[in-house]
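The block underneath contains the structure these notes are about, expressed in structure tokens.
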Amino acid sequence: MSTGPTGRTSTAPLSGAAAHDAGILLVDDMEDNLVALEAVLAGLQVPLVSARSGEEAMAALERHDIALVLLDVAMPGMDGFETARRIKHRERTRDVPVVFLTGDQQAPAGKLAFRGYATGVVDYLAKPFDPWVLRTKATVFLDLHRKSRRLHQLEEERYRLDDFARRLEVVESTLAADGGTDAARLARDVASLADALDGLRGV
């Protein structure tokens, strides 16, 4: 682990595509809890970023690509509710899922869940949590993030292809209007490129 002014990031070797995956932000004011979370989630092969306060968490979200936030509810200063509220009010982080971790066995589960959901939290786990349940939930959110990112990439690729197709149509129309042997040959080349483009788009 490497320690920094806004927490630490796991430095365990990551292989293949995992090295480029978004990470999980762990937020808890108790060092022992952070160590336990890191031990449970280490096998997921994604960066684990730790923060000891809400302020550190907000700073970490600006510095790292985060797919999921595991957030302790009861922290001194900026508590989990306020931290979650700020996360959801920032353009950069509003779509990042937040899961509450609570050790308050006295608080009614329904009331806690209602406050959390009203803040934008998607789920919560009570401490001590089941390691298998935590890993399973984290895996689901990581998979959703990867699929969402891939969908966004595909949409961008489709936009570029559509833009290329429009440009080809303009060039082809211009060449046809100019006439001439060379223009006709170029028009055939453009038509060939258009056919290739249709193939890429699955038309």
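The values are calculated or read from the model by the stated rules, or taken from the named source; none is laboratory data. This one's a predicted model, so the numbers in the text were calculated from it and none came from an experiment. Positions of Cβ are backbone-derived with ideal geometry, glycine not excepted, and every protein chain shown enters the neighbour counts.
Ala59: in contact (Cβ under 8 Å) with a residue 12 or more places away in the chain and either of a type in the set (D, E, K, R) or out of contact with any helix residue (DSSP H, G or I) (no Cβ under 9 Å at 6 or more places or on another chain) (or both), yes or no? Yes: the conditions hold for Ala59.
Checking each residue in the stretch 38-95 for being buried (at least 21 other Cβ atoms within 10 Å of the Cβ) and in a helix (DSSP H, G or I) picks out Leu41, Gly54, Glu56, Ala57, Ala60, Leu61, Gly80, Thr83, Ala84, Ile87. Looking at this structure, is Lys137 under 24 Å from Arg52 (Cβ atoms), in contact with an Asp or Glu (Cβ under 7 Å, 6 or more places away or on another chain), part of a helix (DSSP H, G or I) and modelled with pLDDT of 90 or more? Against the criterion (under 24 Å from Arg52 (Cβ atoms), in contact with an Asp or Glu (Cβ under 7 Å, 6 or more places away or on another chain), part of a helix (DSSP H, G or I) and modelled with pLDDT of 90 or more), Lys137 qualifies.
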